[in-house]
Amino acid sequence: MNPLSRLAALPVAEKQDRGILYTPAEILQQPATWQATWCLFLELRNELAQFLRVAHDQRWTVLLIGAGTSDYIGRSLTGLLRQRWGTEVLAIPSTDLLAGRDELIIDGKNYLWISFSRSGDSPEGVAVLEQALSSCPNVKHLVISCNAKGRMVQLARDSRDAISVVLDDAVNDRSLAMTSSFTNMLLFGQALAHLWEPADYAATLERMTAAAEFLLEDGARLAHEIASQRNNLACFVGAGNLAGAAKESGLKLTELTGGHIVALSETTLGLRHGPMSALNHETVFTAFVAGNERQRRYDLDLLREIRTKDVVRTIVSVGAQESTADHSLYCEAFETIADGYRPAVDVIFGQMLGLFSSIELGLKPDAPSPAGVISRVVPPFTIYP
């Protein structure tokens with residue numbers, strides 16, 4: 001039994017005492033819950049197609065909106081949605097829209113805003129949606145959440161210009177850190193990219209599931225081993241949509257270790273422009289290696305450079321059969337998954353590295369911020385008009 005499954009199999013009382021009642025199970029459940037999310041999409045497909053038809057056919061600009069992890073859903077989805085819908089798609093954090101909407105939105109232009117929020121109660125998300133519904137008549141809204149009682153879901157249900165989707169309650173993660181909520185909202189977004197050709201996505205989801213199950217087995221063992229090294233720095237790199245997976249992996253490691261491990265995230269080609277100087281011999285370096293041939297060459301060249309310069313302790317590659325990494329997480333399924341769909345799979349390694357590092361540091365992963373510096377939902381703060 002791998003280390004992740006062992007944690008999930010512990011007695012409930014022990015898991016409660018160690019603060020691992022939720023996080024291991026929520027990471028482990030992801031492939032199974034993806035199937036439920038896909039079934040939900042198929043149930044809602046006709047309703048969604050009717051609501052989104054005008055935005056799709058007239059090539060409205062699509063904004064993918066969220067805060068923190070929910071923002072990284074958008075960053076992991078932009079390229080896929082842009083190519084499949086043939087329109088401009090931008091990921092803009094709700095934290096930016098709240099303070100700077102006038103600089104980001106063009107008056108009179110038609111937009112579709114797709115908002116992601118686990119709780120649906122993020123102060124920024126709620127405020128941005130309220131303001132747009134009251135003052136932006138050229139904007140249509142799709143809210144994707146994991147909480148039927150969230151304020152954003154209620155706002156969408158009360159408006160003719162909005163529609164909401166609530167995923168299964170099983171993926172409304174109870175842990176502070178978003179894991180299965182992240183990948184399931186991302187997966188729903190991927191399915192939206194195939195709104196008019198859903199059969200194309202079904203086969204891709206099968207391959208994603210196979211790769212995820214591999215990571216939950218072999219990747220769990222590797223994440224457990226690396227966590228025992230007690231690195232004080234981590235760096236995740238990826239390009240395109242995989243840059244979103246790198247961002248989210250870095251955030252997961254930082255959150256789950258209460259900031260004890262500093263995690264950098266960069267694009268493959270961006271790392272050389274300053275951030276590489278932060279790497280040291282207490283760093284675990286992870287590259288999400290693309291399948292696209294041109295990007296893959298850049299990824300592998302960077303791995304070779306990191307190896308030659310001898311600037312980190314451990315190098316991990318995800319998705320590459322052959323590399324100069326110390327550890328390569330690869331199975332044949334990776335070869336048949338286009339890069340646009342990889343973030344939901346690859347991020348699982350970052351999640352597990354965060355979980356095992358948290359335990360190694362003596363923290364409680366379900367609530368890894370004992371002083372309450374961060375919380376499951378950002379508490380209310382002053383919203384300015």
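The table for this structure:
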read-out	value
Verdict on S180 being of a type outside the set (A, V, I, L, M), under 17 Å from the mean Cα position of the chain (by Cα) and more than 14 Å from V318 (Cβ to Cβ)	yes
Qualifying residue in the range 58-65 (condition: out of contact with any Cys (no Cβ under 8 Å at 6 or more places or on another chain), under 19 Å from S119 (Cβ atoms) and at pLDDT 95 or above)	yes
Verdict on T179 being open to solvent by less than 10 Å² (accessible area, probe 1.4 Å) and out of contact with any helix residue (DSSP H, G or I) (no Cβ under 9 Å at 6 or more places or on another chain)	no
Answer from A36, A67 - the residue that is among the small types (G, A, S) and buried (at least 19 other Cβ atoms within 10 Å of the Cβ)	A67
Only listed residue being in contact (Cβ under 8 Å) with a residue 60 or more places away in the chain, touching a strand residue (DSSP E or B) at 6+ places or on another chain (Cβ under 8 Å) and under 21 Å from T69 (Cα atoms), chosen from G238, G258	G238
Test result for A234, open to solvent by less than 20 Å² (accessible area, probe 1.4 Å), outside any helix (DSSP H, G or I), closer than 23 Å to P93 by Cβ and among the small types (G, A, S)	yes
Among (1) free of Cβ contacts under 8 Å to residues at least 40 places away in the same chain; (2) within 30 Å of R101 (Cα to Cα), the one test that T61 misses	(1)
Single match in G372, G362, G340 (criterion: modelled with pLDDT of 95 or more and open to solvent by 40 Å² or more (accessible area, probe 1.4 Å))	G362
Qualifying residue in the range 48-67 (condition: on the phi > 0 side of the Ramachandran plot and out of contact with any strand residue (DSSP E or B) (no Cβ under 8 Å at 6 or more places or on another chain))	yes
Total residues in the range 244-265, condition surrounded by fewer than 24 Cβ atoms within 10 Å (Cβ to Cβ) and either under 10 Å from the mean Cα position of the chain (by Cα) or in a strand (DSSP E or B) (or both)	3
Residue pairs meeting the criteria (Cβ under 6 Å; at least 6 apart or on separate chains; first in contact (Cβ under 8 Å) with a residue 60 or more places away in the chain, in the range 366-385; second charged (D, E, K, R))	V377/D121
Residues of the range 294-325 satisfying the condition of being in contact (Cβ under 8 Å) with a residue 40 or more places away in the chain and over 15 Å from T268 (Cα atoms)	V312, R313, T314
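The values are calculated or read from the model by the stated rules, or taken from the named source; none is laboratory data. In this text, all values refer to a predicted model and were calculated from it rather than measured experimentally. Here the Cβ is made from the backbone with ideal geometry for all residues, glycine too, and neighbour counts use every protein chain on show. Calculation scope for accessible area: heavy atoms of the full protein, side chains included, ligands and nucleic acids excluded. Shrake-Rupley method; radii C 1.70, N 1.55, O 1.52, S 1.80 Å.
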